[in-house]
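The structure appears right after this line, and notes come after that.
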Amino acid sequence: MLLSGFNWLLSLLFLALLVMSIFAFVHAALQREDAFRAVDKQTKPFWLIILGISVAVQLFAPMLLLILVGVIASIVYIVDVRPAVQGVSRGGRGGNSGWSSSDGPYGPYNGGR
């Protein structure tokens, strides 16, 4: 009973990691190639190869060490590369585009100074 519950939990964990890796791969595939070069985060083909291997290993070669390496690559992409690439795609670092909440129609409001 206890062992079957543990196996169910472990299977759920591996499924969540697979979904995360697939998300990272699909996101990388949908981004522009020049955005990767603009933020100096390797190239789009590099990330597609790494993330594709990660997904393939999780689907077809259930070796724990290789799965761990692939999951780490997916986490690095999601945490580091994805926000930088999205910032470039939206027109500025972090999507901010240089605007502030205190900006008025003629520039930043400085309180009459």
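Bear in mind that the values in this text are calculations on the coordinates, not laboratory data. Everything numeric in this text was worked out from a predicted model, so none of it was measured. As a convention, Cβ positions derive from the backbone with ideal geometry for all residues, glycine included, and neighbour counts pool all protein chains shown.
General observations
- Two-site FRET efficiency, Ile72 against Ala38, from Cβ-Cβ distance with R₀ of 22 Å, rounded to 0.05: 0.35
- Dipole in debye (nearest 20) - the range 12-85, about Cα centre, beta carbon charges: Lys, Arg +1; Asp, Glu -1: 60
- Calculated log₁₀ intensity ratio I(q)/I(0) where the Debye formula runs over C-alpha points of the range 12-85, q = 0.16, 0.18 Å⁻¹: -0.50, -0.62
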